[in-house]
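Only the coordinates and a few stated rules stand behind these numbers; no lab work does. Since the model is a prediction, treat every value here as computed from it, not as a measurement. All Cβ positions, even for glycine, are placed from backbone atoms using ideal geometry, and neighbour counts span all protein chains on display.
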Amino acid sequence: MPGGHVVAPCLYRCPMHTLPPPSLPASDPQHVLIIDDDPLMREYMAFNLSADGYTVFEASSAREGLDMCQRLSVDVIISDIVMEGADGYEILDALRAKTATATIPLILITASGGQKDVRKAMSRGADDFLHKPFSVDELRSAVQAQLRKRAELKNQAERALLELRASISLAFPHELNTPLNGIIGCAEIIKIDAHEANPAGLIEMADNIIVSAQRLQRLTDRFLAFASTELIALNAAELAKARALRTSGPAELIATIAARIAADYKRAADLTVEKAPGTLAISTDFVSRIAGEIIDNAFKFSKPGTHVRVLMECNPVGYSIRIVDQGRGMSPEQIARIGSYSQFDRKKYAHEGLGLGLVTAQRIADLHGGYLQVESCAGGGCTVTIQLPLVPEPASIVTASR
């Protein structure tokens, strides 16, 4: 500009001296991308956000903005809804469909001020709205709110990762070494005594190897299930696909899983199942995973001769699966730590596992709009309730008689 002076855009006739002092972002500047085909609007927002210490990128079209998202590090995006070519909704869909951009906060700008736009955008994953005309204070507050939210989510993820690393580093060597030592030990005995061992002894060694290998397989299976669930959670497109899958006849599936697990523990007489019809908005694989993990825990942590009940019912908010046992139970502190990927009372109880099964079941339910709830007290049994989305029954068609 002439003379090197910086002039504030006069889009809303707000002289600079009326603006409150900027709140500078701490440490490294945070990056804001503005997508708008109105150059005056872009200049107005860019000028004021730059004055607050943000690094601002500008794009005059949806295509240019999406390209910049792929090439640059962006912390917040502000986009107009109505633009030539692709609109703000298409930008929103494109961002949420890719892992690299799915979690970037998006603030949409609308001139209509109608609730219809707000509901439509929020249902598709928008984070906030600015209604024209908006003040600098409103712009600043919207950006700061999304940055705080993004920072908190990042902190939560980092804390969860640290807890996961700590839990795995403590328990994983034991969980791997126990079955591996069993396999190696039995193999060495067979090798040393091969010429003198009797058939019964060889069969016993082979059985021990099989048991150890099965334990190792279960551990691997749980890790793979946990990892695949987290990958789906990070990919908006994969998550949408998962939520579109259905399970017809879940009662028979869950009852079959429960009967198999009860038979494995030689406790068929301890099992009670109450079924309910329905179609679930979740895949058969995920239903099997959730039911298998929770029912297995119920038998694992309760004594033979005590009841394990699997109760299914349809309710106004979905499909409920309750697993009730009379085992050792969990304290409030242990229930609160379910999301921390940790074992419970490892020194006191010798059961195998890293605690990933329960965490994975909870995660699957959360990703489908359901939940997993534990009600228990130490020594007093345990009730785990899984609430899953139910596909609505089609409205019945009544034909009037003549």
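Okay, here's what the table says:
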| read-out | value |
| --- | --- |
| Inter-label distance for Ile184 and Arg119, nm, one decimal - labels placed 7 Å from Cα along Cα-to-Cβ | 6.4 nm |
| Residues with amide H under 5 Å from that of Leu390, placed H, sequence gap 5 or more | Ala281, Tyr319 |
| Cross-link pairs Lys98/Lys241; Lys149/Lys241; Lys266/Lys300 - those with Cα-Cα distance over 19 Å | Lys149/Lys241 |
| Inter-site label distance for Lys275 and Asp221 at 7 Å from Cα along Cβ, in nm | 2.3 nm |
| Region 175-294: C-alpha gyration tensor shape, a/c 1.5 cut-off, then a/b vs b/c | oblate |
| Potential extension, Leu176-Thr306 segment - 0.36 nm per residue separation minus Cα distance | 43.7 nm |
